[in-house]
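Below is one structure, written out as structure tokens; comments come after it.
What follows is calculated from the coordinates using simple rules that are stated; it is not laboratory data. Quick caveat, the model's predicted, so the values are computed rather than measured. Note: ideal-geometry Cβ built from the backbone for every residue, glycine included; neighbour counts use all protein chains shown.
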Amino acid sequence: MRIIGIDPGMAIVGYCFMDSFPERVDNQNILINCGSIQTNKNLSHSERLLEIHNDLSQLLKTYKPDIAAVEQLFYFKNAKTIIPVAEARGVILMTLEMFNIPVYEYTPLVVKQTITGYGRSEKKEVKEMVKILLGDEQKIPKLDDTIDAIAIAICHTMCAI
């Protein structure tokens with residue numbers, strides 16, 4: 001089963017495509033591709049949302065995921081950033097629906113609890129567990145948004161499959 005994990009944002013959308021094999025004894029997850037959609041801050045708000053839609057559409061056409069695991073908005077300290085993130089998330093959900101991809105949503109708390117065993121883990125702890133869960137032979141990216149997308153996809157393999 002191919003999963004797309006998505007960490008929504010207006011400036012950066014982290015994503016990963018992962019093949020999961022729950023029927024195997026080791027429940028191996030293989031990272032196919034990961035990265036980020038980074039919108040141009042000089043564009044208008046609506047142009048940035050369109051950029052997210054277009055780039056995500058191209059990725060979905062290329063990698064053809066069976067399902068999507070998307071981070072759910074949970075809590076934001078900065079009220080100014082929650083609205084653009086929510087709008088970007090709306091575009092992401094709409095795009096996934098256009099491709100008939102079922103969506104599973106997980107809060108950051110659930111992702112951290114599933115990955116590290118502690119819902120208030122720091123990003124560094126999540127990154128270390130992602131490395132362990134994927135295995136040494138798979139290269140882990142540096143960008144936090146991409147690591148979060150991988151953690152969301154892994155969370156889905158541990159929770160729902």
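Residues are listed down the side, and each one gets a yes or a no for (1) without any contact (Cβ under 8 Å) to a residue 12 or more places away in the chain; (2) closer than 21 Å to Ala11 by Cα:
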site	(1), (2)
Val103	no, no
Arg120	yes, no
Leu134	no, no
Ala151	no, yes
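Of all the numbered requirements in (1) surrounded by 12 or more Cβ atoms within 10 Å (Cβ to Cβ); (2) over 20 Å from Pro102 (Cα atoms); (3) among the charged types (D, E, K, R), Asp19 misses one, and that requirement is (2).
Residues that are under 21 Å from Tyr104 (Cα atoms) and surrounded by fewer than 11 Cβ atoms within 10 Å (Cβ to Cβ) within the range 63-82 comprise just one, Tyr75. Exactly one residue out of Lys127, Lys112, Lys123 is surrounded by fewer than 18 Cβ atoms within 10 Å (Cβ to Cβ) and either farther than 21 Å from Leu56 by Cβ or among the basic types (Lys, Arg) (or both): that is Lys123.
Taking the range 32-52 as the range and being part of a helix (DSSP H, G or I), surrounded by 17 or more Cβ atoms within 10 Å (Cβ to Cβ) and not β-branched (Val, Ile, Thr) as the test, the residues that pass are Arg48, Leu49, Glu51. Only one of the numbered conditions (1) in contact (Cβ under 8 Å) with a residue 12 or more places away in the chain; (2) surrounded by 14 or more Cβ atoms within 10 Å (Cβ to Cβ) is not met by Met94, and that is (2).
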